[in-house]
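A.B. asks: Dropping a structure here in structure tokens format, bear with me for questions.
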Amino acid sequence: MTGKLLLMLLLMSLHFPAVSWVGRHEEGHIAFQKGDYATALQKWTLLADEGNAQAQLSLGTMYDKAQGVTQDYAEAAKWYRKAADQGEALAQHNLGRMYQAGRGVTQDYAEAAKWYLKAADQGNFEAQQNLALMYEKGQGVPQDPAEAVKLYRKAAEHGNATAQYNLGVSYENGRGVAQDFAEAAKWHRLAADQGHPKAQYSLGVSYDLGKGLPQDNAEAFKWYRESVRQGYAPAQHKFGTLYANGRGVAQSNAQALKWYLRSAKQGYAPAQHEVAMIYGNGQGVPQDFAEAGKWYRRAALQGIGPAQYTLGLMYYNGQGVRQDNVQAHLWFSLKADGGDAEAVRYRDIVTKLMTPEQIAKAEQLASKWRAEHPAPNLP
């Protein structure tokens, strides 16, 4: 046997496993697409045990998303890691996601950033976007808005809608880059055209306020509507405001309440406050202090200052809620944190009606709330 023939046979023997792996992985993929998860699992498990990174990634995804198997984040992380260690970019990204969320592994932002970086360096746009967000928040890496913008831009230029939106937000806020409303609107439009609901809403705001774009009520309404169609709560709230004020649409209290309620039921605090005021004032609906109190409480718990003050008054007067000086003191105190003189005055009034034990309880509740809500109260 000649040396040339031996070399050819050697090369062929090296190539055959790779060809075999590709074909067998494809067989698993075909079974998966047909909904034959058992066959896919069998074929991919055999391949994964042989060290095939694609099969390891596929197994990780099945366990991650509960596709044909019981959801098992630890098992998903195990297979993602095996594929990631072989340089599989999507597995590196997915493993980073597991560490960021603490799914199947102990939450570890530094480890998440490490794997995102490996995937990002290979051009994985989702990893670039997620790593950018970590730089923006200082999670697992030193906070660096400029580095975040750099990474957002990489992913955005390749069409990643979330990165386009976040890059627009960076320009809008002047964070990591010079403030530029026109540039913000440009990136928001690119994301909005891909159906990104937050970008659609932001583009609507740009047209509404004439920030970075000519003021245009019709265009604002159009983009708000696109966002509303996807159920985005701030856009629903905005729709409520448009109907309440008759801006670009016929004024309608009923339509305003409809959209405020849709937003409020998703937990959007400004909408919850609007619903509370509508029921409290009997605006287009029968006056209902109990219903108002329910919504004031939900908004107050999220830090809406005026809702906290009004809820304090309701507890002080026993209007729509059971009279309770401890609760009144609590909500007046929280509103007073922002320096509101009326809240301070009413807190002092109710304090004179309370026992030392009641005052101590109210102060304890307020301290607990502040510890659980470190962000400043919303206006």
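A.B. asks: Give me the Debye-computed log₁₀ of I(q)/I(0) at q = 0.13, 0.20, 0.25 Å⁻¹ for region 47-124, equal point scatterers on Cα only, no solvent, two decimals.
C.D. replies: The calculated log intensity ratios at q = 0.13, 0.20, 0.25 Å⁻¹ are -0.32, -0.76, -1.10.
A.B. asks: If the viscosity is 1.002 mPa s and the temperature 20 °C, what translational diffusion coefficient in µm²/s does Stokes-Einstein give for the chain when Rh comes from Kirkwood over Cα pairs?
C.D. replies: Once the numbers are plugged in, D ends up at 86 µm²/s.
A.B. asks: Based only on Cα atoms, what mean projected area does the convex hull of region 240-379 have, in nm²?
C.D. replies: 8.6
A.B. asks: So what is the accessible area of the chain per residue, in Å², with the probe set to 1.4 Å?
C.D. replies: 50
A.B. asks: Which whole-number percent is the relative contact order of region 11-130 (Cα, under 8 Å, 6+ apart)?
C.D. replies: 15
A.B. asks: Peptides 327-339, 281-293: what's the order by average Cβ count within 10 Å, highest mean first? Kindly include the intermediate steps, with their values, before the conclusion.
C.D. replies: On the way: 327-339: 23.0, 281-293: 14.6.
Highest-to-lowest ranking by the protection proxy: 327-339, 281-293.
A.B. asks: Can I ask one more? Which links in Lys258/Lys335; Lys150/Lys222; Lys294/Lys335 stretch past 20 Å when you go from one Cα to the other?
C.D. replies: Lys258/Lys335; Lys150/Lys222
A.B. asks: Farthest toward the dipole's positive end in the chain, which of Ala250, Thr70, Ala120, given Cβ charges of +1 (Lys, Arg) and -1 (Asp, Glu) about the Cα centre?
C.D. replies: Final value for the positive-end residue is Ala250.
A.B. asks: Follow-up question, since we're still on this one. Given a cut-off of under 8 Å on Cα pairs at least six residues apart, what relative contact order in percent is computed for the chain? It would help to have the intermediate numbers written out before the result.
C.D. replies: Values: 609 pairs, mean separation 19.3, N = 379.
About 5 percent, as a whole number.
A.B. asks: Of Ala264, Tyr207, His188, whose Cα points farthest to the positive end of the dipole of region 188-279 (charges on the beta-carbon: +1 Lys, Arg; -1 Asp, Glu; origin at the Cα centre)?
C.D. replies: It is Ala264.
A.B. asks: Is the shape of region 99-150 rounded, prolate or oblate, going by the alpha carbon gyration tensor and its root eigenvalues a ≥ b ≥ c, with a/c under 1.5 for rounded and a/b larger than b/c for prolate?
C.D. replies: The shape class here is oblate.
A.B. asks: Under 15 Å Cα-Cα from Lys43, which aspartates and glutamates qualify once same-chain neighbours fewer than 8 residues away are excluded?
C.D. replies: Cα-Cα hits under 15 Å: Glu26, Glu27.
A.B. asks: On the accessible surface of the chain, probed at 1.4 Å, how many percent belong to carbon and sulfur atoms?
C.D. replies: Roughly 52 percent of what the probe reaches on the chain is carbon or sulfur.
A.B. asks: For Ile304, list long-range residues whose amide hydrogen, built 1.01 Å from N in the peptide plane, is under 5 Å from its own amide hydrogen.
C.D. replies: Those lying under 5 Å, H to H, from Ile304 are Leu378.
A.B. asks: Suppose R0 equals 41 Å; then what is the FRET efficiency for Arg370 and Ser252 from their Cβ-Cβ distance, rounded to the nearest 0.05?
C.D. replies: Plugging the Cβ-Cβ distance into 1/(1 + (r/R0)^6) gives 0.55.
A.B. asks: Direction-averaged shadow area of the convex hull around the Cα atoms of region 260-299, nm²?
C.D. replies: 2.2
A.B. asks: Report, ordered by chain and residue number, the aspartates and glutamates lying within cross-link reach of Lys361, taken as a straight Cα distance under 16 Å and ignoring same-chain residues fewer than 8 apart.
C.D. replies: Partners found: Asp324, Asp348.
A.B. asks: Okay, moving on. So for region 305-379, what are the equivalent ellipsoid semi-axes in whole Å, largest first, each being the square root of 5 times an eigenvalue of the Cα gyration tensor?
C.D. replies: Each semi-axis is the square root of five times an eigenvalue, giving 18, 14, 11 Å.
A.B. asks: Using the per-residue mean of other Cβ atoms lying within 10 Å as a proxy for protection, in what order, highest first, do the peptides 185-197, 245-257 fall?
C.D. replies: 185-197, 245-257
A.B. asks: Determine how many Å³ per residue the convex hull of the Cα atoms of region 294-344 encloses. Present the calculation step by step, with values, prior to reporting the outcome.
C.D. replies: Working: hull volume 3.0 nm³, N = 51.
Enclosed volume per residue, from the Cα hull, is 58 Å³.
A.B. asks: Which three extents, in angstrom, do the Cα atoms of region 142-232 have along their principal axes, listed largest first?
C.D. replies: 41, 23, 20
A.B. asks: Give the Kirkwood hydrodynamic radius (Å, one decimal) of region 74-176, defined as one over the mean of 1/r across all pairs of different Cα atoms.
C.D. replies: 13.4
A.B. asks: By average Cβ neighbour count within 10 Å, what is the ranking of 89-98, 217-226 from highest down?
C.D. replies: Ranking the peptides 89-98, 217-226 by packing returns 89-98, 217-226.
The values are calculated or read from the model by the stated rules, or taken from the named source; none is laboratory data. Since the structure is predicted, the reported quantities are computational estimates derived from the model, not experimental observations. Note: ideal-geometry Cβ built from the backbone for every residue, glycine included; neighbour counts use all protein chains shown. Note: areas computed on protein heavy atoms with side chains; ligands, DNA, RNA excluded. Shrake-Rupley method; radii C 1.70, N 1.55, O 1.52, S 1.80 Å.
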